[in-house]
1. Calculated FRET efficiency, ARG350 and LEU259, Cβ-Cβ r, R0 25 Å, to nearest 0.05?
2. Residue by residue, what Karplus-based ³J(HN,Hα) values in Hz, rounded to whole numbers, does the range 195-210 have, using 6.51, -1.76 and 1.60 with θ = phi - 60° and x for Gly and Pro?
3. Using modelled backbone amide H atoms (1.01 Å from N, in-plane), which distant-in-sequence or interchain residues come within less than 5 Å of ARG230's amide H?
4. Using all alpha carbons of the range 266-367, what is the percent of pairwise distances in each 10 Å bin, ordered from the shortest bin to the longest?
5. 5 Å is the cut-off here: which amide hydrogens, built 1.01 Å from N in the peptide plane, fall below it relative to GLU89, excluding neighbours closer than 5 in sequence?
6. Could you calculate the contour length gain from GLU336 to ASP205, that is, 0.36 nm times the residue separation minus the distance between their Cα atoms, to one decimal place in nm?
7. Just how far, in whole angstrom, is the range 22-54 from the range 168-230 if you go by their alpha carbon centroids?
8. So the label point goes 7 Å from the Cα of ALA296 along Cα→C-beta, right? Which residues of the range 333-361 then have their backbone N under 15 Å from it?
Amino acid sequence: MPVPTRSRSPIVVPVPAVPRKHYEPATRHPTMYDNDGDIVFIARAANGSRQLLKVSRKSFKNWDVLRDVGKRVDVFWRMESGDDSLCVEVEDPAEDVAAFLRAHMADAMSVQAVWGLNKRDPKVPIKLGSILRVSHKYHLRDDLNTHLREFFSSAWPQSLRDWDESEQTFRLLAAAIVDKSSLRLFAEDEFPEAASAIRLAQQVDLTEIFPAAFYHLSRIPVSHDWDKKRQPASPRSSRHFAPSSRSAMWYLLSTPDLLRLLQGREKIQEFMVDNWASSVFVACRSGCCKQPLECAKHYHALTSLHSMLSEDDESYHDPLSFLQRRFSQPIAVIQERFSICEACAESAWRISMAKRAELWDLLPEFFGVSG
């Protein structure tokens, strides 16, 4: 394909939405303009000016994709500049259209390989956002769009088992930073960032990521800002810079999403107090094998959410982690740690694991999202 060149002077093209006698200048896109192309997209640059993006049908794996875009906007029309190219004007940002066209000039696997995509890369919403937004707007269901949608969603666990595996990977990455076997500063640099993912998912209707993404955000202190964390000059606590610390791009969330997050966090805490803790207390009390209920004096330590603060202050809003760390152990360990009988330890373990699974299933309801 010929090397794109810059226009020496603006090209005048007609504006279909207004009388034909009206003309508005348009310049060639700096990188997406093939002199030998036969299809022209007109889109707005960031500064509001019109840009021409010209491509050749021969460069596309699937010409139907471009034809479908034209059908959704308007019929293609012929330019009046003499080159007889098919032309269509879209309302999408020029850079979004350029990324969309560039991706469709390759196949799905080439896009993933050449662009260096890794599903845990926190910049995936930025790298894929343009393609997914344009494809979604024009209701495209081609192989590339389907593959990239699945690729984006796959970074977010859809089951509790997947969640646990993801968390274990995160811990291993953090440990590698601590023992200097990794050059990264933070484990989250190799994990998806939730706020940007939620924003893109809302734009392209990928709601399956919402339960895991909103829960992930709910356990992060609001003071832990992604960008500020990467500015060492700003005063932050030492734990804010720990390899396992987490942060978020809070500015990307809308006000309704912030309210959704806070409400979900409250419902999770209510579940832990009113459901999990009370269930453990009732089961232990009814099945205790010590007399006269000697274990009762240890129930508070067993079920207190505040006691976890002494273990890991970031787990206060992360009951999935808290329950697993405290109770996914041999019964004898639980029994010795909390000075309770075997029956009470078994009840605490059984109920905690069941309630942990129940909490995961309730996340869509707690955050008011579909999963």
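The numbers here are math on the coordinates, done by the rules we state, and not lab data. Just so it is clear, the model here is predicted, and its values are computed rather than measured. Note that we place each Cβ from the backbone using ideal geometry, even for glycine, and neighbour counts take in every protein chain shown.
1. That pair, ARG350 with LEU259, gives E of 0.10.
2. Per-residue couplings from phi come out as 5, 5, 5, 4, 4, 5, 4, 5, 6, 10, 6, 10, 5, 5, 7, 4 Hz.
3. For ARG230, no residues qualify.
4. 16, 51, 28, 5, 0
5. HN-HN under 5 Å from GLU89: ILE42.
6. In short, 42.3 nm is gained.
7. Distance between centres, Cα-based: 37 Å.
8. Once the point is set 7 Å along Cα→Cβ of ALA296, 341 turn out to lie under 15 Å by backbone N, inside the range 333-361.
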